[in-house]
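Below is one structure; the comments refer to it alone.
The values are calculated or read from the model by the stated rules, or taken from the named source; none is laboratory data. It should be emphasised that the depicted structure is a prediction, and the values quoted were computed from it without experimental measurement. Please note: Cβ atoms are built from the backbone with ideal geometry, for glycine as well, and neighbour counts cover all protein chains shown. Accessible surface areas use protein heavy atoms only, side chains included; no ligands, DNA or RNA. Shrake-Rupley method; radii C 1.70, N 1.55, O 1.52, S 1.80 Å.
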Amino acid sequence: MEDFFALIGSLIGEGIRLIVDLLTGLFTHADDAVDGLLNGLSGSLGISPSLLSLAILVLGLWMLWRGLRALMQRAIIATLFWWLLGLLVLGWLIN
């Protein structure tokens with residue numbers, strides 16, 4: 001009877017080990033993919049691949065998006081304001 005429970009314990013242990021190995025491989029490859037994406041994006045824009053630079057990039061793109069939304073609502077002054085602000089932030093970042 002003891003051998004039976006040892007076999008069950010061994011099978012459960014191997015199953016857990018398989019799941020852990022699969023998840024480790026998945027997250028390792030996902031990390032490599034995100035790292036490659038961020039390095040390629042920052043390299044093509046000529047900015048440093050730091051988290052601060054990428055946050056400023058997202059902020060500038062968000063400002064341009066707000067300008068587009070203001071244009072769709074026919075708010076010309078708000079459109080010009082958001083686009084000017086977004087272009088200033090992106091121009092400062094990419095320069």
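Details
- Sequence of 62, 82, 92 from largest to smallest accessible area, 1.4 Å probe: 92, 62, 82
- Labels on offer are (i) 76, 26, 18; (ii) 50, 43, 21; (iii) 82, 31, 16, and the one holding Cα extents along the principal axes in Å computed from this structure is (iii).
- The heavy atoms of residue 48 present about 60 square angstrom of accessible area, all protein chains included, probe 1.4 Å.
- The trypsin sites (Lys or Arg not before Pro) of the range 32-95 that DSSP puts in a loop, and whose beta carbon has at most 12 other beta carbons within 10 Å, are 74.
- Rounded to the nearest 500, the helix-only mean residue ellipticity at 222 nm of the chain stands at -32000 deg cm²/dmol, with each DSSP H run of n ≥ 4 adding -39,500 (n - 2.57).
- Summary value for the chain: 23 percent relative contact order, contacts being C-alpha pairs under 8 angstrom separated by 6+ residues.
- Exposure of residue 21 as accessible area (Å², to 10), given a probe of 1.4 Å and all protein chains: 80
- Take residue 81: with every protein chain present and a 1.4 Å probe, its accessible area is about 110 Å².
- Portion, in percent, of the accessible area of the chain that falls on carbon or sulfur, probe 1.4 Å: 74
- Annotation: per residue accessible area for the range 50-94 equals 73 Å², rounded to a whole number [probe 1.4 Å, protein chains only].
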